[in-house]
Amino acid sequence: MKLITNIHQLLVTGTYEKPVKGNDMATMPYISNAYLMIKDDRIYQYGKMSDMPPTAIDEVIDATGKIVLPMWCDSHTHLVYAAGRENEFVDRINGLSYEEIAQRGGGILNSVERLRELDEDTLYEDALKRLHELIALGTGAIEIKSGYGLSTESEGKMLRVIARLKKQVDIPIKATLLAAHAIPKEYKDNRLKYIQLIVEEMIPAFAKANLCDFIDVFCESGYFTVSEMEEILIAGKKYGLVPKVHVNQFNAIGGIQAAVNHQALSVDHLEELNAEDIDALVNNATIPVALPGCSFFLNIPYTPARRIIDAGLPIAIATDYNPGSSPSGNMNFVVSQACIQLKMTPEEAIIAATINGAFAMDVASQTGSITKGKKANLIITKPLDSFYAIPYRFGQHQIEQLILNGKLL
Ligand code: NIG
Ligand code: FE
């Protein structure tokens, strides 16, 4: 048994049957002057120091002045990719928009070209390196999408890489099939054929091979229409793939209502959100996910998190780590952005980045909160006056130690 003593503040304690929503997000449960016991890879017991039961302990970690919280849960990433897109970054500085770059054959299709050329082992090694970097930044559970292959062979290559990461790295990892990320250039004049390929070949093959958990579509003007998204979600659901979609990034075209109708686990982006979109989410289980790193990097509007929370809804935040619209997988920065740009309180932001993120990728039974029996995946900060310092010190991180599966990293 390991014991962490004298924890200044132990955050996100208790049990969570559902994502935390609306007003409840403002009151993140935490315990001041706390202890936490770890048995093997699990949280065994926790509470106030004054209530600590006498227990035989093998190892004591003194956390005087420090904050302990669950590791971040990043529910939306494109971690597997072949190369950065620094040239497009400079093109945008010089005045081109993300959409203009895409129309010139850059953007997602640029990443597709590079990924198709790259061998699977290198793709895996690069992704593994990135994943270790993110774990060092406090990420303890992650969702990873395909979507830079856009052919059965290359989407399969990406999904196999994710499967290898799942085997190699002992954190909860979820895989999402995003074959509907863009129309590949060989189907430019025949989009119906490409959608048919996704529906009739990719989904059955990848689902049967157990290579994915979720089905995603980039529902956006110039990418996939609402009815195309619905067709793909229906096909995915037949094979047990749960919808989790990109909607309302640049335009509100009705994707949210459709995603809710198909019981999507989450709707992600939501930079453009109208009143009907919010109404569609109210009283439904679909979780809105904000990706502020993307808004920052592309200079597009931020997801109106206040309107979402004030409508009584839950919200999760994630990095959207990808080479085109958010080349950072740093959840610490996203938590700061949630406070600074989305006007979420530190309590709301931390809830959104932990337990709500866990729900948004269906790993909440294993992680995302300080709950007896959950994985001991914990961040121990430097000494801080309060947890407010976590988002306050933007662009840095306050992590001193990490405990992963009960072991000090
Ligand atoms: O979530 N919006 C679509 N997909 C990614 C960007 C992908 C890319 O530019 O490579 C996103 O922002
Ligand atoms: Fe994305």
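The values are calculated or read from the model by the stated rules, or taken from the named source; none is laboratory data. What you are looking at is a predicted structure, and each value in this text was computed from that prediction instead of being measured. Cβ placement follows ideal geometry from the backbone for every residue including glycine, while neighbour counts extend to all protein chains displayed. What goes into the accessible areas is simple: the full protein's heavy atoms, side chains included, and nothing from ligands, DNA or RNA. Shrake-Rupley method; radii C 1.70, N 1.55, O 1.52, S 1.80 Å.
At 0.36 nm per residue, minus the direct Cα-Cα distance, what do E133 and D62 gain on full extension? Give it in nm, one decimal, please. Kindly include the intermediate steps, with their values, before the conclusion.
Working: separation 71, 0.36 × 71 = 25.56 nm, distance 2.57 nm.
The span from E133 to D62 would gain 23.0 nm if fully extended.
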Handout entry: Candidate lysines - alpha carbon under 26 Å from K372, same-chain residues fewer than 8 apart omitted
Key = K2, K18, K21, K39, K48, K66, K166, K167, K174, K382, K407
Fill in the blank from the handout: For region 141-228, Rg(Cα) over 2.2 N^0.38 Å is 1.09
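With a 1.4 Å probe and every protein chain kept in, tell me what percent of the accessible surface of region 50-173 is carbon plus sulfur. All intermediate terms of the calculation are to be shown ahead of the outcome.
Details: 2500 of 5300 Å².
C and S atoms contribute 47 percent here.
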Problem - Within region 85-114: backbone nitrogen closer than 15 Å to the Q341 label point (7 Å, Cα to C-beta) - result: 98
Problem - Selection from L3, L192, A163, by position along the positive dipole direction of the chain (Cβ) - result: L3
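Note down the magnitude of the dipole of region 193-235 about its Cα centre, charges +1 on Lys and Arg C-beta and -1 on Asp and Glu C-beta and zero elsewhere, to the nearest 20 debye.
Dipole size: approximately 160 debye.
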Exercise for the section: Distance between Cα centroids, region 246-318 to region 113-172: provide it in whole Å. Expected result: 26
Handout entry: Stokes-Einstein D for region 110-261, Kirkwood Rh over Cα pairs, 10 °C, 1.306 mPa s (µm²/s)
Key = 100
Completion exercise
Quick shape summary for region 100-198, equivalent ellipsoid via Cα gyration tensor, semi-axes whole Å in descending order, reads 27, 14, 12
Problem - Nearest 10 degrees, 0 to 90: helix 226-238 Cα axis against the chain principal axis - result: 60
Exercise for the section: Let me see the pair-distance distribution of the chain: every alpha carbon pair, 20 Å bin width, integer percents in order. Expected result: 29, 57, 14, 0
Practice task
Among P346, S50, N356, flag the residue with its Cα farthest along the positive direction of the charge dipole of the chain, charges on Cβ as +1 for Lys/Arg and -1 for Asp/Glu.
Solution key: S50
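Suppose every K and R has +1 on its Cβ and every D and E has -1 on its Cβ; what is the size of the dipole of region 133-220 about the Cα centre, in Debye to the nearest 20?
Details: 12 positive and 12 negative charges, 39 e Å.
Dipole of region 133-220, to the nearest 20 debye: 180 debye.
For region 265-386, what class follows from the C-alpha gyration tensor (a ≥ b ≥ c being the square roots of its eigenvalues): rounded when a/c is under 1.5, otherwise prolate if a/b is larger than b/c, else oblate? Don't jump to the answer; show the numbers that get you there.
Details: a/c = 1.64, a/b = 1.23, b/c = 1.33.
Since a/c reaches 1.5 but b/c is at least a/b, the shape of region 265-386 is classed as oblate.
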Exercise for the section: Taking only protein heavy atoms into account and a 1.4 Å probe, give the accessible area per residue of region 164-211 in Å². Expected result: 51
Practice task
For region 123-247, calculate the relative contact order in percent as a whole number, restricting contacts to Cα pairs under 8 Å that are 6 or more residues apart.
Solution key: 22
Exercise for the section: Provide S365, S32 ordered by accessible surface of protein heavy atoms (probe 1.4 Å), highest first. Expected result: S365, S32
Handout entry: For G106, distant residues with modelled amide H under 5 Å away
Key = none
Handout entry: Whole-percent carbon and sulfur share, accessible surface of region 328-385, 1.4 Å
Key = 52
Handout entry: Overall dimensions of region 1-91 by Cα: Rg and Dmax, Å
Key = 18.9, 62
Problem - Computed lengthening from Y239 to N405, 0.36 nm per intervening residue step minus Cα-Cα distance - result: 56.6 nm
Fill in the blank from the handout: Computed for the chain: size of charge dipole around the Cα centre, +1 on C-beta of each Lys and Arg, -1 on C-beta of each Asp and Glu, debye to nearest 20, value 860
Problem - Percent of alpha-carbon pairs separated by more than 16 Å within region 33-131 - result: 72
Problem - Expected 222 nm ellipticity per residue - DSSP helices of 4 or more, -39500 (n - 2.57), all of the chain, to 500 - result: -9500 deg cm²/dmol
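Need one word for region 184-228: rounded, prolate or oblate. Basis is the Cα gyration tensor (sqrt eigenvalues a ≥ b ≥ c); a/c below 1.5 gives rounded, then a/b vs b/c decides.
oblate
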Practice task
Pick out which of E17, E155, E271 has the largest mean-square fluctuation in a Gaussian network model of the chain, springs linking Cα atoms closer than 10 Å.
Solution key: E17
Completion exercise
Quick calc of log₁₀ I(q)/I(0), region 223-335, Debye, one scatterer on every Cα, no solvent, q values 0.18, 0.19 1/Å, result -0.90, -0.99
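At 1.4 Å probe size, with every protein chain present, just tell me what the per residue accessible area of region 324-409 comes to in Å².
Values: 2920 Å² over 86 residues.
Result: 34 Å² per residue.
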Problem - N274-A205 pseudo-label distance in nm [points 7 Å out on the Cα-to-Cβ vector] - result: 3.9
Handout entry: Label-point separation in nm, A389 to E120, each point 7 Å along Cα→Cβ
Key = 4.8
Problem - Extension gain from E100 to D189, taking 0.36 nm per residue of separation minus the Cα-Cα distance - result: 30.1 nm
